[in-house]
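Q: I'd like to ask some things about the structure below.
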Amino acid sequence: MQIERIETYPLLYRLQQPYGDANGYKKYRTCYLIRIITRSGVDGWGEIVDWLPTLHKGFVERIVPYLLGKQATAHLPLIDVVGKWHQRAAAGVSMALTEIVAKRAGLSVCELWGGLFHETIPVYASFQSYTDQADWQRRSLQRVMQQAEAGFTQMKVKIGGRAMQVDQAHIELLRASLPATVQLALDANQSYDLSAARKWERVFSRYEDWMWLEEPMPMERVLDYEKLRQSISVAVAGGENLVRCAQYLPLLKHGAVDIIQPDPMHAEGMDGFRANLQLARQFGLRVSPHVFDGSLARLYALFAQACLPPWSKMDAEPVEPVEWDVMENPFTQLFELTPENGRVKIPQGPGIGVEPNWDIINATRWDGSSYT
Ligand code: MG
(Lines give C-alpha, C1' and ligand atoms only; values in the text may rest on other atoms or scores of the structure.)
Protein backbone atom coordinates (compact mmCIF):
# COMPACT_ATOMS: atom_id res chain seq x y z
CA MET A 1 0.00 0.00 0.00
CA GLN A 2 2.98 2.27 -0.64
CA ILE A 3 2.13 5.60 -2.27
CA GLU A 4 3.83 5.56 -5.67
CA ARG A 5 2.38 8.47 -7.61
CA ILE A 6 0.27 11.56 -7.06
CA GLU A 7 -1.47 13.34 -9.90
CA THR A 8 -2.78 16.89 -9.55
CA TYR A 9 -5.57 18.54 -11.55
CA PRO A 10 -5.89 22.29 -10.92
CA LEU A 11 -9.16 23.43 -12.51
CA LEU A 12 -10.47 26.95 -13.13
CA TYR A 13 -13.79 28.18 -14.48
CA ARG A 14 -14.55 31.87 -15.04
CA LEU A 15 -18.19 32.72 -14.38
CA GLN A 16 -20.27 34.33 -17.12
CA GLN A 17 -22.00 36.46 -14.52
CA PRO A 18 -20.42 36.99 -11.08
CA TYR A 19 -22.64 36.08 -8.14
CA GLY A 20 -22.22 36.37 -4.45
CA ASP A 21 -23.27 36.69 -0.85
CA ALA A 22 -22.81 39.30 1.88
CA ASN A 23 -19.03 38.85 1.56
CA GLY A 24 -18.89 39.94 -2.11
CA TYR A 25 -18.99 38.48 -5.61
CA LYS A 26 -17.34 35.35 -6.95
CA LYS A 27 -15.91 35.81 -10.45
CA TYR A 28 -14.65 32.24 -10.86
CA ARG A 29 -14.91 28.80 -9.36
CA THR A 30 -11.92 26.53 -8.88
CA CYS A 31 -11.23 22.96 -7.93
CA TYR A 32 -7.98 21.18 -7.15
CA LEU A 33 -8.33 17.44 -7.60
CA ILE A 34 -5.63 15.05 -6.49
CA ARG A 35 -5.32 11.36 -7.26
CA ILE A 36 -3.10 9.23 -5.05
CA ILE A 37 -2.01 5.91 -6.57
CA THR A 38 -0.34 3.05 -4.70
CA ARG A 39 2.29 0.65 -6.01
CA SER A 40 -0.34 -2.05 -6.31
CA GLY A 41 -2.43 0.29 -8.51
CA VAL A 42 -5.20 1.22 -6.05
CA ASP A 43 -6.17 4.87 -6.42
CA GLY A 44 -8.12 7.43 -4.43
CA TRP A 45 -9.36 10.95 -5.22
CA GLY A 46 -9.18 14.04 -3.06
CA GLU A 47 -10.42 17.60 -3.47
CA ILE A 48 -9.00 20.87 -2.17
CA VAL A 49 -10.18 24.43 -2.69
CA ASP A 50 -7.83 27.38 -2.30
CA TRP A 51 -6.16 29.98 -4.51
CA LEU A 52 -4.55 27.76 -7.18
CA PRO A 53 -1.16 29.50 -7.67
CA THR A 54 -0.06 29.06 -4.03
CA LEU A 55 -1.96 25.82 -3.43
CA HIS A 56 -0.42 24.11 -6.46
CA LYS A 57 3.13 25.22 -5.63
CA GLY A 58 2.86 24.16 -1.99
CA PHE A 59 1.23 20.87 -2.86
CA VAL A 60 3.67 19.69 -5.53
CA GLU A 61 6.82 21.04 -3.88
CA ARG A 62 6.18 20.09 -0.28
CA ILE A 63 3.28 17.71 0.23
CA VAL A 64 3.80 15.36 -2.73
CA PRO A 65 7.49 14.66 -1.89
CA TYR A 66 6.51 14.02 1.73
CA LEU A 67 3.78 11.51 0.80
CA LEU A 68 5.65 9.52 -1.86
CA GLY A 69 6.87 6.20 -0.52
CA LYS A 70 4.69 6.39 2.62
CA GLN A 71 2.09 3.73 3.49
CA ALA A 72 -1.40 4.77 2.42
CA THR A 73 -2.79 2.92 5.44
CA ALA A 74 -1.01 5.39 7.79
CA HIS A 75 -3.88 7.79 7.09
CA LEU A 76 -4.09 9.62 10.41
CA PRO A 77 -0.33 10.16 11.03
CA LEU A 78 0.09 11.41 7.44
CA ILE A 79 -2.74 13.94 7.54
CA ASP A 80 -1.59 15.07 10.98
CA VAL A 81 1.68 16.22 9.39
CA VAL A 82 0.12 17.63 6.20
CA GLY A 83 -2.51 19.43 8.30
CA LYS A 84 0.20 21.42 10.06
CA TRP A 85 1.27 22.79 6.67
CA HIS A 86 -2.10 23.20 4.97
CA GLN A 87 -5.39 22.24 6.59
CA ARG A 88 -7.42 22.01 3.38
CA ALA A 89 -4.75 19.96 1.64
CA ALA A 90 -4.90 17.53 4.56
CA ALA A 91 -8.67 17.22 4.08
CA GLY A 92 -8.12 16.34 0.39
CA VAL A 93 -5.37 13.83 1.18
CA SER A 94 -7.65 12.31 3.80
CA MET A 95 -10.39 11.78 1.18
CA ALA A 96 -7.95 10.01 -1.16
CA LEU A 97 -6.49 7.75 1.55
CA THR A 98 -9.97 6.87 2.84
CA GLU A 99 -10.94 5.75 -0.66
CA ILE A 100 -7.75 3.71 -1.11
CA VAL A 101 -8.27 1.78 2.13
CA ALA A 102 -11.95 1.17 1.31
CA LYS A 103 -11.12 -0.10 -2.19
CA ARG A 104 -8.32 -2.31 -0.87
CA ALA A 105 -10.84 -3.89 1.53
CA GLY A 106 -13.41 -4.21 -1.28
CA LEU A 107 -15.79 -1.92 0.64
CA SER A 108 -17.64 1.29 -0.01
CA VAL A 109 -16.61 4.29 2.11
CA CYS A 110 -19.89 3.92 4.05
CA GLU A 111 -19.21 0.24 4.76
CA LEU A 112 -15.72 1.17 5.95
CA TRP A 113 -17.34 3.73 8.25
CA GLY A 114 -19.68 1.19 9.81
CA GLY A 115 -22.60 1.08 7.43
CA LEU A 116 -25.55 3.12 6.21
CA PHE A 117 -28.42 4.32 8.33
CA HIS A 118 -29.94 6.09 5.31
CA GLU A 119 -29.85 5.00 1.65
CA THR A 120 -30.95 8.41 0.40
CA ILE A 121 -30.14 11.83 1.81
CA PRO A 122 -32.18 15.02 1.32
CA VAL A 123 -30.31 17.90 -0.30
CA TYR A 124 -31.20 21.57 -0.35
CA ALA A 125 -30.65 23.91 -3.29
CA SER A 126 -28.10 26.53 -2.26
CA PHE A 127 -28.10 29.93 -3.99
CA GLN A 128 -25.82 32.94 -4.11
CA SER A 129 -28.56 35.51 -4.33
CA TYR A 130 -26.69 38.71 -5.21
CA THR A 131 -25.46 39.91 -8.59
CA ASP A 132 -24.37 43.37 -9.67
CA GLN A 133 -27.42 43.66 -11.97
CA ALA A 134 -30.12 46.17 -11.10
CA ASP A 135 -32.83 43.49 -11.26
CA TRP A 136 -30.98 40.97 -9.07
CA GLN A 137 -34.14 40.21 -7.06
CA ARG A 138 -36.08 39.21 -10.17
CA ARG A 139 -33.16 37.03 -11.33
CA SER A 140 -32.91 35.45 -7.90
CA LEU A 141 -36.62 34.65 -8.06
CA GLN A 142 -36.18 33.08 -11.52
CA ARG A 143 -33.37 30.82 -10.26
CA VAL A 144 -35.33 29.79 -7.20
CA MET A 145 -38.49 29.00 -9.19
CA GLN A 146 -36.43 26.94 -11.66
CA GLN A 147 -35.13 24.73 -8.86
CA ALA A 148 -38.59 24.40 -7.33
CA GLU A 149 -39.72 23.07 -10.71
CA ALA A 150 -36.72 20.72 -10.72
CA GLY A 151 -38.07 19.15 -7.53
CA PHE A 152 -36.15 20.84 -4.71
CA THR A 153 -38.34 21.40 -1.66
CA GLN A 154 -35.63 22.93 0.54
CA MET A 155 -33.61 25.98 -0.46
CA LYS A 156 -31.11 28.43 1.02
CA VAL A 157 -30.80 32.04 -0.08
CA LYS A 158 -28.58 34.92 1.00
CA ILE A 159 -29.31 37.91 3.16
CA GLY A 160 -27.09 40.43 4.93
CA GLY A 161 -25.50 41.98 1.84
CA ARG A 162 -28.08 44.74 1.26
CA ALA A 163 -30.05 47.15 3.45
CA MET A 164 -32.52 45.38 5.75
CA GLN A 165 -35.63 46.61 3.88
CA VAL A 166 -34.19 45.54 0.51
CA ASP A 167 -33.26 42.08 1.79
CA GLN A 168 -36.61 41.63 3.46
CA ALA A 169 -38.44 42.71 0.29
CA HIS A 170 -36.41 40.10 -1.63
CA ILE A 171 -37.36 37.33 0.81
CA GLU A 172 -41.02 38.43 0.80
CA LEU A 173 -40.95 38.24 -3.02
CA LEU A 174 -39.60 34.69 -2.91
CA ARG A 175 -42.05 33.66 -0.20
CA ALA A 176 -45.01 35.08 -2.12
CA SER A 177 -44.01 33.23 -5.30
CA LEU A 178 -42.71 29.86 -4.11
CA PRO A 179 -45.12 26.99 -3.53
CA ALA A 180 -46.01 26.52 0.13
CA THR A 181 -44.25 23.13 0.04
CA VAL A 182 -40.83 24.80 -0.25
CA GLN A 183 -38.89 25.35 2.97
CA LEU A 184 -36.47 28.27 3.04
CA ALA A 185 -33.22 28.90 4.94
CA LEU A 186 -31.71 32.39 5.13
CA ASP A 187 -27.93 32.77 5.33
CA ALA A 188 -26.56 36.12 6.55
CA ASN A 189 -22.84 35.19 6.48
CA GLN A 190 -22.33 36.80 9.92
CA SER A 191 -23.54 40.23 8.82
CA TYR A 192 -25.61 41.44 11.79
CA ASP A 193 -25.53 42.27 15.45
CA LEU A 194 -28.19 40.94 17.81
CA SER A 195 -30.71 43.75 17.33
CA ALA A 196 -30.47 43.58 13.53
CA ALA A 197 -30.81 39.79 13.55
CA ARG A 198 -33.96 40.08 15.67
CA LYS A 199 -35.58 42.28 13.00
CA TRP A 200 -36.02 39.16 10.88
CA GLU A 201 -38.61 37.81 13.30
CA ARG A 202 -41.13 40.14 11.65
CA VAL A 203 -40.74 38.16 8.40
CA PHE A 204 -40.40 34.74 10.06
CA SER A 205 -43.65 35.19 11.96
CA ARG A 206 -45.62 35.82 8.74
CA TYR A 207 -44.82 32.52 7.02
CA GLU A 208 -44.51 28.84 7.87
CA ASP A 209 -41.80 26.36 7.06
CA TRP A 210 -38.45 28.01 7.58
CA MET A 211 -35.48 25.67 7.65
CA TRP A 212 -33.22 27.94 9.66
CA LEU A 213 -31.53 31.32 10.02
CA GLU A 214 -27.83 30.77 9.26
CA GLU A 215 -24.94 32.66 10.84
CA PRO A 216 -26.75 35.96 11.48
CA MET A 217 -23.84 37.18 13.67
CA PRO A 218 -20.10 36.46 14.03
CA MET A 219 -19.88 32.94 15.41
CA GLU A 220 -17.74 33.90 18.40
CA ARG A 221 -20.69 35.85 19.89
CA VAL A 222 -21.94 32.77 21.66
CA LEU A 223 -23.97 34.62 24.29
CA ASP A 224 -25.71 36.75 21.66
CA TYR A 225 -26.58 33.56 19.80
CA GLU A 226 -28.02 32.16 23.02
CA LYS A 227 -30.25 35.26 23.37
CA LEU A 228 -31.25 35.26 19.72
CA ARG A 229 -32.22 31.61 19.80
CA GLN A 230 -34.57 32.36 22.69
CA SER A 231 -36.19 35.30 20.92
CA ILE A 232 -36.89 34.10 17.38
CA SER A 233 -39.28 31.44 16.16
CA VAL A 234 -36.96 29.64 13.70
CA ALA A 235 -33.98 27.32 14.19
CA VAL A 236 -30.55 28.95 14.29
CA ALA A 237 -27.67 27.32 12.39
CA GLY A 238 -23.96 27.96 11.97
CA GLY A 239 -20.35 26.85 12.20
CA GLU A 240 -19.30 26.19 8.59
CA ASN A 241 -15.82 27.61 9.19
CA LEU A 242 -15.13 25.86 12.49
CA VAL A 243 -12.50 23.16 12.33
CA ARG A 244 -12.71 20.89 15.35
CA CYS A 245 -15.01 19.73 18.12
CA ALA A 246 -13.49 22.11 20.69
CA GLN A 247 -14.66 25.06 18.56
CA TYR A 248 -18.25 23.76 18.42
CA LEU A 249 -18.41 23.01 22.12
CA PRO A 250 -19.14 26.56 23.39
CA LEU A 251 -22.10 26.81 20.96
CA LEU A 252 -23.44 23.44 22.07
CA LYS A 253 -22.87 23.89 25.79
CA HIS A 254 -24.65 27.27 25.79
CA GLY A 255 -27.52 26.04 23.66
CA ALA A 256 -26.59 28.82 21.24
CA VAL A 257 -27.64 27.05 18.02
CA ASP A 258 -30.11 24.38 16.93
CA ILE A 259 -28.06 23.07 14.01
CA ILE A 260 -24.30 22.93 13.41
CA GLN A 261 -22.92 22.96 9.87
CA PRO A 262 -19.45 21.39 9.65
CA ASP A 263 -17.74 21.41 6.24
CA PRO A 264 -15.60 18.40 5.22
CA MET A 265 -13.00 20.68 3.61
CA HIS A 266 -12.64 22.78 6.76
CA ALA A 267 -12.14 19.85 9.13
CA GLU A 268 -9.09 17.88 10.23
CA GLY A 269 -9.53 15.14 7.66
CA MET A 270 -12.60 13.01 7.11
CA ASP A 271 -12.33 11.49 10.59
CA GLY A 272 -12.30 14.95 12.15
CA PHE A 273 -15.30 15.88 10.00
CA ARG A 274 -17.21 12.80 11.16
CA ALA A 275 -16.32 13.61 14.75
CA ASN A 276 -17.90 17.06 14.28
CA LEU A 277 -21.11 15.45 13.01
CA GLN A 278 -21.16 12.91 15.81
CA LEU A 279 -20.65 15.68 18.35
CA ALA A 280 -24.05 17.08 17.37
CA ARG A 281 -25.64 13.70 17.98
CA GLN A 282 -23.94 13.51 21.40
CA PHE A 283 -25.78 16.73 22.27
CA GLY A 284 -29.03 15.61 20.64
CA LEU A 285 -28.77 18.40 18.07
CA ARG A 286 -29.20 18.57 14.36
CA VAL A 287 -26.27 18.72 11.93
CA SER A 288 -26.48 19.77 8.28
CA PRO A 289 -23.11 19.68 6.47
CA HIS A 290 -22.00 22.82 4.64
CA VAL A 291 -20.43 22.00 1.26
CA PHE A 292 -20.52 24.84 -1.22
CA ASP A 293 -17.14 24.02 -2.81
CA GLY A 294 -16.77 20.93 -4.88
CA SER A 295 -18.63 17.73 -5.59
CA LEU A 296 -16.17 15.25 -4.05
CA ALA A 297 -16.30 16.99 -0.67
CA ARG A 298 -20.08 16.95 -1.06
CA LEU A 299 -19.98 13.22 -1.72
CA TYR A 300 -18.02 12.71 1.51
CA ALA A 301 -20.55 14.87 3.35
CA LEU A 302 -23.32 12.63 1.98
CA PHE A 303 -21.43 9.49 3.04
CA ALA A 304 -20.91 10.84 6.55
CA GLN A 305 -24.53 11.94 6.82
CA ALA A 306 -25.71 8.52 5.60
CA CYS A 307 -23.71 6.89 8.41
CA LEU A 308 -25.29 9.06 11.14
CA PRO A 309 -28.10 7.70 13.27
CA PRO A 310 -31.44 9.52 12.90
CA TRP A 311 -31.70 12.85 14.74
CA SER A 312 -35.36 12.36 15.43
CA LYS A 313 -37.92 9.64 15.96
CA MET A 314 -40.28 11.47 13.62
CA ASP A 315 -40.57 9.19 10.64
CA ALA A 316 -41.15 11.90 8.05
CA GLU A 317 -37.49 12.91 7.80
CA PRO A 318 -34.99 11.21 10.08
CA VAL A 319 -31.87 12.89 8.66
CA GLU A 320 -30.88 16.47 7.97
CA PRO A 321 -30.18 17.77 4.45
CA VAL A 322 -26.79 18.36 2.80
CA GLU A 323 -26.06 21.54 0.83
CA TRP A 324 -26.35 21.34 -2.97
CA ASP A 325 -24.76 24.13 -5.03
CA VAL A 326 -27.15 25.02 -7.88
CA MET A 327 -25.28 28.06 -9.18
CA GLU A 328 -23.28 28.16 -12.44
CA ASN A 329 -20.41 25.83 -11.50
CA PRO A 330 -19.26 22.91 -13.68
CA PHE A 331 -17.36 21.38 -10.75
CA THR A 332 -20.57 20.33 -9.05
CA GLN A 333 -20.80 17.68 -11.81
CA LEU A 334 -17.22 16.35 -11.41
CA PHE A 335 -18.43 13.35 -9.44
CA GLU A 336 -21.92 13.24 -10.77
CA LEU A 337 -24.98 12.48 -8.72
CA THR A 338 -28.43 13.68 -9.70
CA PRO A 339 -30.98 14.65 -7.07
CA GLU A 340 -34.50 13.40 -7.63
CA ASN A 341 -37.23 15.28 -5.82
CA GLY A 342 -34.63 16.83 -3.54
CA ARG A 343 -32.90 13.58 -2.56
CA VAL A 344 -29.81 11.71 -3.70
CA LYS A 345 -29.11 8.01 -3.52
CA ILE A 346 -25.84 7.08 -1.84
CA PRO A 347 -23.50 5.29 -4.31
CA GLN A 348 -22.81 1.72 -3.19
CA GLY A 349 -19.72 0.60 -5.18
CA PRO A 350 -16.22 0.06 -3.75
CA GLY A 351 -14.49 3.25 -2.59
CA ILE A 352 -16.60 6.27 -3.50
CA GLY A 353 -18.49 4.31 -6.15
CA VAL A 354 -18.30 7.14 -8.72
CA GLU A 355 -15.74 8.03 -11.40
CA PRO A 356 -14.75 11.63 -12.14
CA ASN A 357 -16.02 13.27 -15.30
CA TRP A 358 -12.91 13.58 -17.51
CA ASP A 359 -14.65 15.89 -19.98
CA ILE A 360 -14.99 18.52 -17.25
CA ILE A 361 -11.42 17.96 -16.03
CA ASN A 362 -10.03 18.35 -19.55
CA ALA A 363 -12.19 21.37 -20.40
CA THR A 364 -11.29 23.37 -17.28
CA ARG A 365 -7.56 22.72 -16.77
CA TRP A 366 -5.99 25.81 -15.26
CA ASP A 367 -3.31 27.24 -17.57
CA GLY A 368 -1.05 28.43 -14.75
CA SER A 369 -1.86 32.10 -15.18
CA SER A 370 -2.68 34.30 -12.22
CA TYR A 371 -6.27 35.39 -11.64
CA THR A 372 -8.11 37.50 -9.12
MG1 MG B 1 -23.26 29.90 5.28
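Q: Taking a probe of 1.4 angstrom, what is the accessible area of R88 in Å², to the nearest 10?
A: Result for R88: roughly 60 Å² accessible.
Q: Shifting gears a bit: What is the total of Lys pairs in segment 111-345 with C-alpha atoms under 19 Å apart, excluding same-chain pairs fewer than 8 positions apart?
A: Pairs that pass both the separation and distance tests number 4.
Q: Sorted by accessible area with a 1.4 angstrom probe, largest first, how do K313, K26 fall?
A: Putting K313, K26 in descending order of accessible area: K313, K26.
Q: Next question, about the same structure. Hey, if we sort E201, E215, E268 by accessible area with the 1.4 Å probe, largest down, what's the order?
A: Working: E201 45, E215 5, E268 95 Å².
The ordering from most to least exposed comes out as E268, E201, E215.
Q: In the full protein assembly as shown, how much of T181 is accessible to a 1.4 Å probe, in Å² to the nearest 10?
A: 100
Q: For the chain, what does -39500 (n - 2.57) per DSSP helix run (n ≥ 4), summed and divided by total residues, give at 222 nm, in deg cm²/dmol to the nearest 500?
A: So the helix-based figure for the chain works out to -10000 deg cm²/dmol.
Q: Out of the total accessible area of the chain (probe 1.4 Å, heavy atoms of protein only), what percent is carbon and sulfur?
A: Within the chain, the accessible surface is 49 percent carbon and sulfur.
Q: With both partners inside segment 111-345, how many of the DSSP beta bridges are antiparallel, as a percent to the nearest 5?
A: 15
Q: Moving on to the next point. Using only protein heavy atoms and a 1.4 Å probe, report how much of K84 is accessible, in Å² to the nearest 10.
A: For K84, solvent-accessible area is about 150 Å².
Q: Considering only protein heavy atoms, with the full assembly of protein chains and a 1.4 angstrom probe, order E208, E336 by accessible area, largest first.
A: Of E208, E336, the descending order of accessible area is E208, E336.
Q: Take the alpha carbon gyration tensor of segment 111-345, find the square roots of its eigenvalues, order them as a ≥ b ≥ c, and report rounded if a/c is under 1.5; if not, report prolate when a/b exceeds b/c, else oblate.
A: oblate
Q: On to the next question. Under a straight-distance cross-link criterion of Cα-Cα below 22 Å, which lysines are reachable from K57, leaving out those fewer than 8 residues away in the same chain?
A: K70, K84
Q: So what is the relative contact order for the chain, in percent, with contacts set as C-alpha pairs under 8 Å and at least six apart?
A: Reported relative contact order: 20 percent.
Q: Please calculate how many Å² of accessible area segment 295-368 carries per residue, with a 1.4 Å probe and no DNA, RNA or ligand atoms counted.
A: That works out to 43 Å² per residue.
Q: Whole angstrom only: what separates the Cα centroid of segment 1-77 from the Cα centroid of segment 262-317?
A: 22
Q: Using a/c under 1.5 as the rounded threshold, could you call segment 32-71 rounded, prolate or oblate? The axes a ≥ b ≥ c are square roots of the C-alpha gyration tensor eigenvalues, and prolate needs a/b larger than b/c, oblate otherwise.
A: oblate
Q: Shifting gears a bit: Using alpha-carbon pairs under 8 Å, 6+ residues apart, how would you state the relative contact order of segment 196-308 in percent? Spell out each step's value before the answer.
A: On the way: 159 pairs, mean separation 23.7, N = 113.
Once divided by the residue count of segment 196-308, the mean separation gives 21 percent.
Q: Can you compute the modelled spin-label distance between R138 and D80, with each label point 7 Å from Cα toward Cβ, in nm?
A: Going from the R138 label point to the D80 one covers 5.9 nm.
Q: For the chain, what are the DSSP H helices with axial Cα length of 15 Å or more and mean Kyte-Doolittle hydropathy of at least 0.0?
A: On the way: long enough: 75-85 (16 Å, 0.64); 87-104 (26 Å, 0.32); 136-149 (20 Å, -1.50); 164-177 (20 Å, -0.05); 269-282 (20 Å, -0.56); 295-306 (16 Å, 0.94).
Span-like helices, by this rule, are 75-85, 87-104, 295-306.
The values are calculated or read from the model by the stated rules, or taken from the named source; none is laboratory data. Being a predicted model, the structure only gives us computed values, none of them experimental. Cβ: placed from backbone, ideal geometry, glycine included. Neighbour counts: every protein chain shown. We work out accessible area using only protein heavy atoms, side chains counted, and drop any ligands, DNA or RNA first. Shrake-Rupley method; radii C 1.70, N 1.55, O 1.52, S 1.80 Å.
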